[in-house]
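The next block holds one structure in the form of structure tokens; read it before the comments.
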Amino acid sequence: MQNTTAKPIYLKDYTVSDYLIDTVALEFDLGEEFALVTAKLTFHTNPANLQPNPNLILNGEKLELISVMLDGKYLTATRFHKTDASLTILDVPKTFTLEIQTRIKPQENTALSGLYKSSGNFCTQCEAEGFRRITYFLDRPDVMALFTTTIIADKKRYPVLLSNGNRVASKQLPHGKHSATWQDPFKKPCYLFALVAGDLDCVEDFFITQSGRQVVLRIYVEQGNLDKCAHAMQAVKKAMQWDEEKFGREYDLDIYMIVAVSDFNMGAMENKGLNIFNTQYILAKPETATDIDYVHIESVIAHEYCHNWTGNRITCRDWFQLSLKEGLTIFRDQSFTADTTSPTVARINDVIDLRTSQFPEDAGPLAHPVRPESYVEINNFYTATVYNKGAEVIRMQQTLLGEAAFRKGMDLYFMRYDGQAVTIEEFVKSMEDASGMDLTQFRLWYSQAGTPVLDVTDHYDAQQKMYTLKIKQSCPATPQQAEKKPLHIPVKMGLLDVAGKELMHDLLQVKNSEQEFQFTNIASQPIPSLLRGFSAPVKINYAYSDAALQLLFKHDTDLFNRWEAGQRYTIKLILGLINDYRANKPLRLPADYTAIFQHLLQTMQDDKLLLAEMLMLPSEKYLAEQMTVIDVEAIHEVREFVQTALAQQLQAQFFDLYQENHELKSARKFTMQIVEKRQLKNLCLSYLMMLGDSEKYKQLALQQFKAALLTNMTDSMAALRCLVNVACPEREAALAQFYQQWQSDSLVIDKWFALQASAKLPDTLSRVKSLLQHPAFDIRNPNKVYSLIGAFGQRNPVRFHAVNGEGYQFLAECVLKLDPLNPQIAARMIKPLSDWQRYDQQRQHLMRDQLAGILRSKTISRDVGELVSKSLG
């Protein structure tokens, strides 16, 4: 399909469906060459539509139509009309039953949308519009129906047959086949439909709800992976208990199932009662998964479980409301992670993700509001804006209302809209009605794109003992939105005196383009601590002195802002050094900067996880966001200089800290106390390895790698990451040994690919190209694509943005290879090229050439075509 034929869909054009579906009875006869799907659907005209179209238009893609029956009678070709994307039944009555039989070929479905085969097992992915690849249907989220699903398959090959809801029947059939029938007691849109058939292992447990019901818990995995399910099962229980305690939400079915598959476009999918997960978010044991993997598994499981209420029981009216379920559920899973790990570190990581993924999106040609106004391909709007910024918009409502009123708003939302498909407006209205707060202006957060900027100035009147803050808000122009209205912005803040004592704290509500806030009885010139906890997704400009940042870094009572002061100070320092670098001046690290790190090392031993975050420099990607024109080489060279200088000056402290926190006996344990020790130890190792001429630290990394190879993936990977960035024989030996040990574990090999693709050495691209031919790489597997092609394009700026443009050419070639196989994944690879306007003229020209080349392809998909067209402007 050429992108030029794709027509935009607009929010303003939304109309209710002409027809609704009451019940859906599906029968799947799964064969080795094809699957036969029989769908029996009961319809009635939508009472909300006073003049429905007499013709029923159903969505369908890549389907072979076998037959159509209306109220028990076969229809001839004169009664229906079929295209590549639809089936129109002519002149239907007000209520009727339609039976449609289609033939599909799951084994040929490389797009992994609809019904497909993964490692010999049948699996579905129907969000957003995959169900139309299974049968003809009203594929829109506001059409909700009761589903009954019967699956027929060879019993020996596919002993496990699963679908949504509760199993109500099973039969033994002739010719070695069997069947299972599942019934979902809750109405749902078709995007929440799921089916799995295969030869799978299962681990089972149970959970007792707050009302005393027993819920059976099952995790299904491919053969040989049962020993990697224990952490995931505990995470399910933890999420269920947390949602009961935090939001009063109890699970509603008798069984909750997860299936982990190795070929999956997304991280996971919340299908009602049968969640399908990418294996990387289920499988874990200390030998094969890092501490970060363990945390991510808990987070993603919490996310999909929380969707049961925010997404399933209450779903979105249309895909423009996607953040109604995704932004809200990201907020819920972030809250879960904060409550179960470290609140400050969890918040820091949320903000880092936002700043390095969503802020660039907001500043580029692909900028769009949290609730977009139009789309060509809905898959392109599963974005950081819809998810992460959407979560921040929910968080701001909690901040403005307070936790108690916000909880009342959530309770009211669940009570009003359970079982319905609703809009963002209805969610915000619940918050207003529960709290009495007018959120009219706040709604602009959903409709305006771009990252707001707060310019802050202050004045202190010593005679009056009055301190005044003046805040001016603005938002840059974005595509289709040149002019922006003032937003309702919550700004948490505090004032500190010159000794670091907190004088006061407050929540400021910024609503006007310019606004003043006065504080009385302030005895001396204070230092403001602004945007505490990152209370709004904005950029803030305030002329902090070095001394003020140092004071906040040491004494701010808001731990997030302590970290933030360090980041601001480091950015200010690096940007200054970049100017020296460009002017060919010698680079010097100020003594007071090193002194800050020494202070941290001496005073923060009781919170090692936060200390590790404090010691990390801003990433090259985030540093790039601070520059009008990104200077790739300067950012890389100066950041490397700062890291090396710190390593030289604090070598003894880093080495002592490494030794103090290196515990071999705890290698197989995952507790936050042990995790924080490993995190700090491995950060110290990364600093020490910056001393490239030191054989001592190279051997230290090698020793850790070998000692941890069979026992702890966190330590093994941390050491290997250090070695991968050093051109030495030990590097190649360690990479070979790692592969030899883990070649049969696909997820571990993904880490091996990603490490090499992210290496900062000059030969990285040539290595990545050679790895494309490696027997362990499969371009049809999304995880492999993300780990090699995605890691190079998105996590290795200095090599991807090579001045000769070879990185751009490589990525464009990969996109064109991927697009015919899996358009969704191909489109996700485009992002690094979309920011071409942020770079120098030479790089702009080279990036535009590659985008234009992609667009000239005659068979470009709608997914890729939309993003490339928008990127070029």
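Here are some notes:
- Per residue, segment 785-873 exposes an accessible area of 38 Å² to a 1.4 Å probe, with every protein chain left in place.
- The accessible area of Ser513, taken with all protein chains in place and a 1.4 Å probe, comes to roughly 60 Å².
- Long-range Cα-Cα pairs in segment 337-465 (distance over 26 Å), rounded percent: 37 percent
- Proximal lysines relative to Lys325, as straight alpha-carbon distance under 25 Å, when same-chain residues fewer than 8 apart are discounted: Lys12, Lys187, Lys188, Lys237, Lys238, Lys246, Lys272, Lys389, Lys408, Lys429, Lys831
- Tilt relative to the chain, helix 343-353 - C-alpha long axis, 0 to 90 degrees, to 10: 80 degrees
- The relative contact order of segment 533-577, computed from alpha carbon pairs under 8 Å that lie at least 6 residues apart in sequence, is 34 percent.
- On Cα atoms only, tilt of 746-757 relative to the major axis of the chain in degrees: 40 degrees
- Per-residue HN-Hα couplings for segment 824-835 [Karplus 6.51, -1.76, 1.60; θ = phi - 60°; Hz; x = Gly/Pro]: 4, 5, 4, 5, 5, 7, 5, 3, x, 7, 6, 8
- Per-residue accessible area (protein heavy atoms, 1.4 Å probe) orders Ile789, Ile57, Ile66 as Ile57, Ile66, Ile789, starting from the largest.
- Amide H contacts under 5 Å for Leu503: Leu495, Leu496, Asp497, restricted to partners 5 or more places along the chain or on a different chain, H placed in the peptide plane at 1.01 Å from N.
- In this structure the amide hydrogen of Ile314, modeled in the peptide plane, comes within under 5 Å of the amide hydrogens of Gly419, none closer than 5 places in sequence on its chain.
- His81, His307, His44, ranked by accessible area, largest first (probe 1.4 Å): His81, His44, His307
- Cα-based shape type of segment 646-755, given that a ≥ b ≥ c are square roots of the gyration tensor eigenvalues and the cut on a/c is 1.5: oblate
- Rolling a 1.4 angstrom probe over the protein heavy atoms with all chains in place gives segment 297-373 an accessible area of 19 Å² per residue.
- Residue order for Lys12, Lys484, Lys784 - accessible surface, 1.4 angstrom probe, largest first: Lys12, Lys484, Lys784
- Only protein heavy atoms count here; under a 1.4 Å probe, Asp438 has an accessible surface of about 100 Å².
- Residues of type aspartates and glutamates that Lys706 reaches as a straight line, Cα spacing below 12 Å, ignoring anything fewer than 8 places off in the same chain: Asp715, Glu730
- Take every Cα pair under 8 Å whose residues are at least 6 apart in sequence, average their separation, divide by the length of the chain, and the relative contact order is 9 percent.
- Measuring with a 1.4 angstrom probe and ignoring ligands and nucleic acids, Ile208 comes out at about 80 Å² accessible.
- Karplus 3J(HN,Hα) series, Hz, for segment 780-791 with 6.51 cos²θ - 1.76 cosθ + 1.60 (x for Gly, Pro): 7, 9, x, 4, 5, 5, 4, 6, 10, 5, x, 5
- Shape of segment 95-209, Cα gyration tensor, a/c cut at 1.5: rounded
- Cα-based shape type of the chain, given that a ≥ b ≥ c are square roots of the gyration tensor eigenvalues and the cut on a/c is 1.5: prolate
- Amide H contacts of Gly165 (H built 1.01 Å from N, under 5 Å, at least 5 apart or other chain): Leu274
- Radius, Kirkwood style, for segment 478-562 when every pair of distinct Cα atoms is counted (Å): 14.3 Å
- By the rule of a C-alpha distance below 22 Å, with chain neighbours fewer than 8 residues away ignored, the lysines paired with Lys608 are Lys554, Lys665, Lys669, Lys677, Lys681.
- Other residues within the sphere of radius under 15 Å centred on the Cβ of Gln441, judged by their own Cβ, net out at +2 (K and R +1, D and E -1).
- C-alpha long axis of helix 713-724 to longest principal axis of the chain, angle in °: 60 degrees
- Carbon and sulfur %, accessible surface of the chain computed with the full protein complex present, 1.4 Å: 50 percent
- Derived scalar couplings between HN and Hα for segment 112-123 equal 6, 10, x, 9, 9, 10, 10, 6, x, 10, 7, 8 Hz in order, rounded to whole Hz, by the Karplus curve 6.51 cos²θ - 1.76 cosθ + 1.60 (θ = phi - 60°), x for Gly and Pro.
- Probe 1.4 Å, accessible area per residue of segment 673-778, Å²: 38 Å²
The values are calculated or read from the model by the stated rules, or taken from the named source; none is laboratory data. Fair warning: this is a prediction, and the values are worked out from it, not measured in the lab. Cβ coordinates were reconstructed from backbone atoms using ideal geometry, including for glycine residues, and neighbour counts include every protein chain displayed. Note: areas computed on protein heavy atoms with side chains; ligands, DNA, RNA excluded. Shrake-Rupley method; radii C 1.70, N 1.55, O 1.52, S 1.80 Å.
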